[in-house]
Amino acid sequence: MTWNPTTGCTKISAGCKYCYAEVMSRRLHAMGIEKYRDGFEVRMHNDAVDIPYTWKGSKIVFVNSMSDLFHPLVSLEFIKKVFAVMNDTPQHTYQVLTKRADRLFELHEQLLWTSNIWMGVSVEDARVTGRIDFLRQTNAQTKFLSCEPLIGPLLNMNLQNINWVITGGESGRKARPMQEWWVWDIRQQCAEQGVAFFFKQWGGINKKKAGRELGGRTYDEMPSL
Ligand code: SF4
């Protein structure tokens with residue numbers, strides 16, 4: 001499931017170059033969808049905050065696939081509202097991913113980190129590994145890295161207190177290539193530091209064909225809670 005209490009964003013690092021959320025927002029705007037009337041401008045949607053209460057059973061939820069919850073234009077008050085709903089619906093597991101790890105760190109003590117909230121930062125190349133240090137210091141109970149789209153090697157990461165690493169290549173017509181040894185190196189670091197490793201895809205122009213096998217097998221490890 002995806003849940004988008006906020007929409008819109010601004011680009012902050014190289015991983016944003018072919019932002020899927022931007023393309024989708026513009027498409028939905030062109031289709032006249034009310035929620036996207038302001039295109040990719042940052043917007044908080046009060047009417048979307050309570051949506052998780054309507055879901056039956058227990059869901060795994062990607063929060064803000066169309067935005068970044070910790071964008072500076074999203075108010076602390078609104079972030080707290082989103083957290084209150086996550087705190088109040090423990091039957092669902094929420095995966096929150098940000099590139100604004102500094103703001104996450106700045107605000108984390110004002111938020112309640114129930115165990116159903118998995119907090120992640122994007123780490124697409126070595127220029128942004130500082131995000132891992134911010135994440136590590138937060139009170140989130142489950143912490144993960146999304147090394148996707150992987151556009152450079154990530155050597156010698158400190159994975160202390162990190163529970164899960166997802167990696168994958170960029171897809172699409174202009175996808176930046178991912179080298180195989182970058183993925184093996186991350187896999188090795190995870191194995192050495194006892195971190196669950198998930199390999200999502202090779203990506204490229206035809207991501208279906210490229211598949212998601214690494215050395216003849218798939219890697220679908222999940223954090224043990
Ligand atoms: S932070 Fe995420 S949503 Fe925002 S521009 Fe970058 S890739 Fe897109």
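If R0 is 22 Å, the Cβ-Cβ spacing of Asn87 and His45 corresponds to a FRET efficiency of close to 0.70. Each other residue within a Cβ distance under 13 Å of Trp202 adds +1 if Lys or Arg and -1 if Asp or Glu, for a net charge of +2.
Between Glu192 and Asp133, how high is the FRET efficiency from 1/(1 + (r/R0)^6) when r is the Cβ-Cβ distance and R₀ = 30 Å? Nearest 0.05. For Glu192 and Asp133, the calculated efficiency is 0.95. For segment 90-113, the residues whose backbone nitrogen is under 19 Å from a point 7 Å from the Cα of Thr2, taken along Cα to Cβ, are 93-100.
A quarter of the convex hull surface defined by the alpha-carbon atoms of segment 34-82 gives 4.0 nm² as the mean projection. When the surface is traced with a 1.4 Å probe over the full set of protein chains, Thr218 keeps roughly 50 Å² accessible.
Helical runs assigned H by DSSP (4 residues or longer) give the chain a calculated mean residue ellipticity at 222 nm of -7000 deg cm²/dmol, each run adding -39500 (n - 2.57) before division by the residue total.
Starting from the Cα-Cα distance between Gln160 and Ala126, subtract it from 0.36 nm times their residue separation and give me the gain in nm to one decimal. Please list the in-between numbers first.
Working: separation 34, 0.36 × 34 = 12.24 nm, distance 1.71 nm.
Full-extension gain reported as 10.5 nm.
Among the listed pairs Lys35/Lys143; Lys11/Lys56; Lys17/Lys143; Lys59/Lys174; Lys59/Lys99, a Cα-Cα separation exceeding 28 Å is found for Lys35/Lys143; Lys11/Lys56; Lys59/Lys174.
Ignoring ligands, DNA and RNA, please state the percent of accessible area on the chain from carbon and sulfur, probe 1.4 Å. Before the final figure, lay out each step's value.
On the way: 5670 of 11160 Å².
Roughly 51 percent, rounded to a whole number.
If R0 equals 35 Å, the separation of the Cβ atoms of Asp220 and Ser75 corresponds to a calculated FRET efficiency of about 0.45.
For the chain, which longest stretch is free of loop sites, where a loop site is one of the trypsin sites (Lys or Arg not before Pro) that DSSP puts outside H, G, I, E and B and that has at most 16 other Cβ atoms within 10 Å?
Details: sites that count: Lys11, Lys17, Arg37, Lys56, Lys59, Arg173, Lys174.
Result for the longest clean stretch: 60-172.
Think of a 1.4 Å ball rolled over the protein heavy atoms: the chain then has 50 Å² of accessible area per residue.
The values are calculated or read from the model by the stated rules, or taken from the named source; none is laboratory data. Since this is a predicted model, take the numbers as computed values, not measurements. Glycine gets a Cβ as well: all are built from the backbone with ideal geometry, and neighbour counts include every protein chain shown. Heavy atoms of the whole protein, side chains included, go into the accessibility calculation; ligands, DNA and RNA do not. Shrake-Rupley method; radii C 1.70, N 1.55, O 1.52, S 1.80 Å.
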